[in-house]
Structure formats: C-alpha cells, structure tokens
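J.: There's a structure below that I have some questions on.
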Amino acid sequence: MSELSEADAANELMRLAKQIAHHDRLYHAEDAPEITDQEYDALVRRNAELEAAFPDLVRADSPSRKVGHSAAASPLSKVTHSVRMMSLDNGFSGEEVGEWLARVRRFLSLGESEPIAVTAEDKIDGLSCSLRYEKGVLAQAATRGDGQVGEDVTSNVRHIPDIPEKLTGDIPEIFEVRGEVYMAKQDFTALNAAQHEAGGKLFANPRNAAAGSLRQKDANVTAARPLKFWAHGWGAASAVAGETQEEVVRAIESWGFPVSPHFVRLDGEGGLDALLAHYETIGTARPDMPYEIDGVVYKVDRLDWQARLGSVGKAPRWALAHKFPAERAETTLESIDIQVGRTGKLTPVGRLAPVLVGGVTVTNVTLHNRDEIARLGVRPGDRVVVQRAGDVIPQLVENLTPDAEREPYVFPDHCPECGSEAVAEEGEVDVRCTGGLICPAQRTERLKHFVSRGALDIDGLGEKTIDQFFALGWLESPADIFRLKGRRADILALDGWKEKSVDNLLASIEARREPDAARLLFGLGIIQSFEQNRWQFGEFETGAHAGLVGTATYQRGFGAIAENEAERVQQDRLARPGLPGKHAEPAPEIEIERFDQHDIADGKTG
Ligand SMILES: [Zn+2]
C-alpha cells in the first residue's frame, strides 16, 4: 500500500466506486448479480484498505458511505426508515473475529478477564425487511434500500404466512421488527423448475428469487411465491422488551415471529474459542439446512453496551458477520461428454479442471441438455463459474470467456454409444438416441434399473456385474437375468467369483422369479414408483408376473411412460461417485456430500 502514489490511489478509488455501484445496482435493483458475494466483498475491502491508507481521498460517493442501493429507480413507492437499517461488517477468519472482540473490549474499556456475552445465529441469505407494527397491527413493511430509504412492500408481505398481521402478547405502541425474507432451497429449485417450464426468468440463487418475488408491484405475484421470514432485530420502538439482545429477540419470537432455530447466547466465558466452536457447528450443519446461509452473526448481548459501541459508517460496532467460504468458484471446462440414459436421452456432462466449491472438490457438472449448453454458450476451453446451489448437483452458471475465439460446441446428432441418429421430438428439449434396443447404453441402463433397489432389488447384481455380463453377451434383456442359472460354470470362471458368491447371486435371482407386481412394473419402467402408483395397478395386476417379460407391455414399459424416473436414475448416477454413468465407462465423479435424492425424485434439480 505504501508504494502506491496518491494519484494511483485516487484513480483506484474512483474505479472501485464505479465498480461497486454497478454491482450494487445489479444485486439490489435487478436481482441479477454478475459476481460472487466473495468477489464483491473483496472489492469493498480493497476500497476500505485504500481509504484507511489515504483518508483524505475518501470520495463523496464512496461505497463505504452507502448501504445497499438507492430505491429511486424502483417502481415501488418509497419509505423513509425512521431508524436507519444498518448492514454488517464481515469477518472471514477466526483471526478477524478475534480482532473484532478485542476492539469491542477496548472500546468498552473492559478488563481482559471480563466476559463479553454475545448472541450467535446463522446468517440467512435473504432480503432485509423492516415491519412496522402500530398497536400490534402491521402498518408498513419496507425493504432496506440504501438503509435510509427503502421500498414499500406492505401489501406484498401480507402474503407471507410467517409475518403476522396482528401480534399477540404485551406489544409496545410502536415496534419495528427487522429480519430477512427468504426462500427455502427446495422452494427455490421448484420455483426455477416452474419458471423454466413456463419459459420465464431463472433466478441465480434463493436470495435473488426471494428479492425478485417480494419486490413486485403486483402483490399477487408475491402471493404465488413460497416466501418465508425470520426476525433478527428491531428498528424504531416505543419500548424495548428487555435489556439484552437475547431477551428482545425472544420477546419478538413470543409475539409470533419465527427466529433462527440456531439462535444462541454465548456467555463469553469461552471467549473467542466458544464463538469459533459455534461457527464450526453451524458450518457442519449447513449443508443439511433447508435454507441457504452465508455465515454466522455475532452481536454483543448487552443493549447498554450496544448503545455505547454505536456504529461506524454503515455498520454497528457491536455486530459482526463471520462469513463462510465461497460456494461458487471459477475453473476451466475441459470437455463435454455425452451420457446415454435408459430412455435414450443424451445428457451432456461438463468435465472440469478440479475446483473446490464450498469445501467440496467438483470435477463434473450436469449441463442438462442441448438448450442449456446453447444458453450458456460454453465450449471446451472456456473459463466458467461453477456453483453449488442448494447443496445438490453442481451447476455451471456462467461462461467467463464467451468472446474467446473457439469453435462453438456442436451437440451430437448421433448416439455416441450405438451410432444411431439422435433427435429431439418437436417441442422437446431432450435429444434422444433412436436406436432403442439396439443401443447398448439404453439396454444396460434398463437392466440396471430393472435390478435396482426400487425395482427387483437383486442382491449381488451390481452395475459393474451388469456391465460385465452384458459385454459377454449374457444379458440381452431382463428375461436373461432369470437364465443366468444356466451359466453357473461360466460365472465361476470369471475373476472375483467364488462358489458362494455365485450361489448367493443365483439364489437372490430365484427369489425374484415371481416378483411383486408393483416392483416388476417399476422395474420395467411402466410406473414411476409403486408407492405413488398403487391406483394404476388394476389393469396390470392380473398379467403382471415374470411372464410379462418380452410381451408388448414390456416393450411399452421401456418407452416414454417413465420419463421422470429415467431422468431421476440418470441424475442419481450423475450425482453419485462410483456408479457407472454409461456402458463400460467410468462414472462422472461429481463429488457431493449429503446429496438428497428426494430433490431429484421430485424433479427439483434447479
Ligand atoms: Zn444409442
């Protein structure tokens, strides 16, 4: 910093002010950010460093003087906050949290041994909102805007079930509850799926979806969106129900508001270590949480201390957001492979230079279909942004080098497995191999599905074994599974098979010779799930036994009836390391922990 001349610093500050204003507008006004929060934070920090080194150069339009974005451009009417809505300072390491605690201690002139109790709660990634209650009745709701002036979203929030119209209990005359409007991960993926279906705009993440859903001129749009709310603080208040942060938050909860389920008070005895341990706990629980969080917020618990600490610029000294590492990352798209599924669908998979995203190494992303590749405009060799949205399957969200001179990617018009023509039906986005049963990929995928747990559930007949037996020509169709007992000696001659394992395999096949009708129909792809489709059985029940194999029903069962199920199986395979994605090929190793199969089964892949 010291080598930087004053002129250079002034230039850089000017550039940063413009850049940050640009990204603020995209983020707050258009709900369409171009850079990650981490990249944004880096710009803000650079600005703060320069301003600290050159205090005379602080600009009138400095980003450090602004919170959020001006509501001026919004079509919604404006609301002037009676008490400014602050934003939080960020810490990115334990060291920075320690520095914050030390600053608080110095500012309050506390002795080294005096405990500083703080509250800690997960920082949900939503849209800040202030809800004004007069005599316990909701009078006005406003977004943060620039912290001084926000947008009026009163009619919109009336459609959010978590926000009470009337409060119950001992309510002050005037009280502004502050918190976050957010969208749960599942609701976000479902919304995007519906938007996609309807040809509408897709949201980049749950936060943008929540913001875009709340900030609507037509409150009916908001009503149709699954928004939630939780409270974490307050603004103007004629009386405050307590002497600590915890007491007031619990009072707000008692009036009928949800608060973070992970809200705790740390009594200060453990010092910094206790805060960091709590951060670790929240970080571990994070992937399984139903909503997106981006950090843990600490607040000094005593309100008299908060008052003494006050704020500096746009942020209170008594609070800190301890952020989690990025869940987006940049890498290179090395190639695009095509996998062929059970119903012949060609699914493109992006192979990546390995990259850490939110603590997980990602080497593959699903590219969904031909249209998605065209939309992203990606080609092997491009630098791309990868995101783990909702902790499910990593997605490729942006091409950073669209202008680089590279040949456009051409989606194959022939099946890479059998060479048959691959086409998309009129109005369909999916390209399918027309090879049907001559396509080895489709046949092995069907076999694997047939023996899978939800279907016939044949122990000892795993995917590798299917691939091997298929390659040997022993499994032309599911019916051949029941003929394997005639190949006992052949199997025994293969590497890795012993008398006992062969006997076990043949026994588990025999045990399924007369399978449950539901399992059989599911295995043949006639129904998607026997749990959900009991009612469909009537017409199949009588004829549904092993003898069905090879009949017209069997053929039809392999057709398009079970589209969703085929998709699920394919996605399942994409998401689980170690499972072959197509015949005789290694699996795409999308390394995802705690992958939730239900997200996929419901078609909510974002
Ligand atoms: Zn094919």
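The values are calculated or read from the model by the stated rules, or taken from the named source; none is laboratory data. Every value quoted in this text rests on a predicted model; they were computed, and no experiment measured them. Heads up, the Cβs are rebuilt from the backbone with ideal geometry, glycines too, and the neighbour counts pull from every protein chain shown.
J.: Among the residues of the stretch 284-295, are any of a type outside the set (D, E), part of a strand (DSSP E or B) and more than 16 Å from the ligand (Cβ to nearest atom)?
T.: Of the stretch 284-295, the ones of a type outside the set (D, E) are 284-287, 289-291, 293, 295.
Applying the additional criterion that residues be part of a strand (DSSP E or B) yields 293, 295.
Those left that are additionally more than 16 Å from the ligand (Cβ to nearest atom): 293, 295.
Checking the stretch 284-295: at least one residue is of a type outside the set (D, E), part of a strand (DSSP E or B) and more than 16 Å from the ligand (Cβ to nearest atom).
J.: Here is a list: D495, D403, D430, D457. Which entry is in a loop (DSSP other than H, G, I, E, B), away from the ligand (no atom under 16 Å from the Cβ) and either touching a residue at least 24 places away in the same chain (Cβ under 8 Å) or among the hydroxyl-bearing types (S, T, Y) (or both)? It would help to see each step written out before you state the result.
T.: Details: D495 fails: either touching a residue at least 24 places away in the same chain (Cβ under 8 Å) or among the hydroxyl-bearing types (S, T, Y) (or both); D403 fails: either touching a residue at least 24 places away in the same chain (Cβ under 8 Å) or among the hydroxyl-bearing types (S, T, Y) (or both); D430 fails: away from the ligand (no atom under 16 Å from the Cβ).
The match here is D457.
J.: What are the residue pairs meeting all of these: first residue in the stretch 201-217, first residue farther than 23 Å from E398 by Cα, second residue modelled with pLDDT under 75 and outside any helix (DSSP H, G or I), Cβ atoms under 6 Å, and 6 or more apart or on different chains?
T.: K217/P75
J.: Working carefully through the options A241, A236, A211, find the one that is aliphatic (A, V, I, L, M), farther than 17 Å from A142 by Cα and at pLDDT below 95. Write out each step before concluding.
T.: Details: A236 fails: farther than 17 Å from A142 by Cα; A211 fails: farther than 17 Å from A142 by Cα.
Every option except A241 fails the conditions.
J.: A further question follows. Cβ-Cβ below 8 Å, separation at least six or inter-chain, first residue in the stretch 301-314 and assigned by TED's automatic domain parsing to the domain that holds P115 and in a strand (DSSP E or B), second acidic (D, E) and modelled with pLDDT of 95 or more: which pairs?
T.: Between residues of the stretch 301-314 that are assigned by TED's automatic domain parsing to the domain that holds P115 and in a strand (DSSP E or B) and residues that are acidic (D, E) and modelled with pLDDT of 95 or more, the close pairs are R302/E243.
J.: Next up: Mind telling me which of the residues R144, R178, R158 ends up being modelled with pLDDT of 90 or more, basic (K, R) and surrounded by 23 or more Cβ atoms within 10 Å (Cβ to Cβ)?
T.: On the way: R178 fails: surrounded by 23 or more Cβ atoms within 10 Å (Cβ to Cβ); R158 fails: surrounded by 23 or more Cβ atoms within 10 Å (Cβ to Cβ).
Going through R144, R178, R158 in turn, just one is modelled with pLDDT of 90 or more, basic (K, R) and surrounded by 23 or more Cβ atoms within 10 Å (Cβ to Cβ): R144.
J.: Please count how many residues of the stretch 489-518 are of a type in the set (D, E, K, R), surrounded by 13 or more Cβ atoms within 10 Å (Cβ to Cβ) and closer than 25 Å to P440 by Cβ.
T.: So the count comes out to 2.
J.: For residues in the stretch 415-427 being in contact (Cβ under 8 Å) with a residue 12 or more places away in the chain and under 23 Å from L376 (Cα atoms), which is farthest from the ligand (Cβ to nearest atom)?
T.: By that ranking, first place goes to A424.
J.: Kindly check whether there is at least one residue in the stretch 382-400 that is of a type in the set (K, R), over 30 Å from D480 (Cα atoms) and more than 16 Å from the ligand (Cβ to nearest atom). Before the answer, list the steps.
T.: Step one: filter the stretch 382-400 for residues of a type in the set (K, R), giving 383, 388.
If we keep only those that are over 30 Å from D480 (Cα atoms) as well, we get 383, 388.
Going one step further and asking which of them are more than 16 Å from the ligand (Cβ to nearest atom), we end up with 383, 388.
Scanning the stretch 382-400 turns up at least one residue that is of a type in the set (K, R), over 30 Å from D480 (Cα atoms) and more than 16 Å from the ligand (Cβ to nearest atom).
Residues are listed down the side, and each one gets a yes or a no for (1) within 30 Å of Q148 (Cα to Cα); (2) among the small types (G, A, S):
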position: D267; (1), (2): no, no
position: G283; (1), (2): no, yes
position: M289; (1), (2): no, no
position: Y298; (1), (2): yes, no
position: W305; (1), (2): yes, no
position: A319; (1), (2): yes, yes
position: V357; (1), (2): no, no
position: V362; (1), (2): no, no
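J.: Would you pick out the residues in the stretch 280-301 that are touching a helix residue (DSSP H, G or I) at 6+ places or on another chain (Cβ under 8 Å), more than 18 Å from R328 (Cβ to Cβ) and buried (at least 17 other Cβ atoms within 10 Å of the Cβ)?
T.: Matches in the stretch 280-301: V296, Y298, K299, V300, D301.
J.: If only one of A223, A184 is closer than 17 Å to I293 by Cβ and either surrounded by fewer than 22 Cβ atoms within 10 Å (Cβ to Cβ) or of a type in the set (S, T, Y) (or both), which one is it?
T.: Values: A223 fails: closer than 17 Å to I293 by Cβ.
Only one candidate qualifies: A184.
J.: Does A231 count as part of a strand (DSSP E or B) and aliphatic (A, V, I, L, M)? Working first, answer last.
T.: Numbers: part of a strand (DSSP E or B): yes; aliphatic (A, V, I, L, M): yes.
For A231, the condition - part of a strand (DSSP E or B) and aliphatic (A, V, I, L, M) - is met.
J.: Out of curiosity, is T189 buried (at least 18 other Cβ atoms within 10 Å of the Cβ), farther than 24 Å from A241 by Cβ, touching a Cys at 6+ places or on another chain (Cβ under 7 Å) and at pLDDT below 95?
T.: Criteria not met by T189.
J.: Turning to a different aspect of this structure: Quick test for you: out of P440, P402, P478, pick the one residue that is closer than 20 Å to T347 by Cβ and not assigned by TED's automatic domain parsing to the domain that holds F203.
T.: The match here is P440.
J.: Also: Checking the condition surrounded by fewer than 20 Cβ atoms within 10 Å (Cβ to Cβ) and under 24 Å from Q339 (Cβ atoms), which residue from F470, F482 passes? Walk me through how you get there before you give the answer.
T.: Details: F482 fails: under 24 Å from Q339 (Cβ atoms).
Matching residue, one of F470, F482: F470.
J.: Tell me which residues, restricted to the stretch 340-356, are part of a strand (DSSP E or B) and within 11 Å of the ligand (Cβ to nearest atom). Break it down into steps so the answer makes sense when it comes.
T.: If we filter the stretch 340-356 for residues that are part of a strand (DSSP E or B), which is where we start, we get 340, 345-356.
Those that are part of a strand (DSSP E or B) and within 11 Å of the ligand (Cβ to nearest atom): V340, K345, L346.
J.: I need the full set of residues from the stretch 357-369 which are buried (at least 20 other Cβ atoms within 10 Å of the Cβ) and in a strand (DSSP E or B), in order please. Can you show your working first?
T.: First pass over the stretch 357-369, keeping only residues buried (at least 20 other Cβ atoms within 10 Å of the Cβ): 357, 362, 364-368.
Scanning the stretch 357-369 gives V357, V362, N364, V365, T366.
J.: Shifting gears a bit: Can you pull out every residue in the stretch 424-451 that is surrounded by 15 or more Cβ atoms within 10 Å (Cβ to Cβ) and among the aliphatic types (A, V, I, L, M)?
T.: Those that are surrounded by 15 or more Cβ atoms within 10 Å (Cβ to Cβ) and among the aliphatic types (A, V, I, L, M): A424, V431, A441, L447, V451.
J.: Quick one: is C439 under 30 Å from V386 (Cα atoms), in contact (Cβ under 8 Å) with a residue 24 or more places away in the chain and within 16 Å of the ligand (Cβ to nearest atom)?
T.: Working: under 30 Å from V386 (Cα atoms): no; in contact (Cβ under 8 Å) with a residue 24 or more places away in the chain: yes; within 16 Å of the ligand (Cβ to nearest atom): yes.
Judged against the criteria, C439 is not a match.
J.: Kindly list the number of the only condition in (1) in a helix (DSSP H, G or I); (2) over 19 Å from the mean Cα position of the chain (by Cα); (3) touching a residue at least 60 places away in the same chain (Cβ under 8 Å) that fails for E280.
T.: Of everything listed in (1) in a helix (DSSP H, G or I); (2) over 19 Å from the mean Cα position of the chain (by Cα); (3) touching a residue at least 60 places away in the same chain (Cβ under 8 Å), E280 misses just condition (3).
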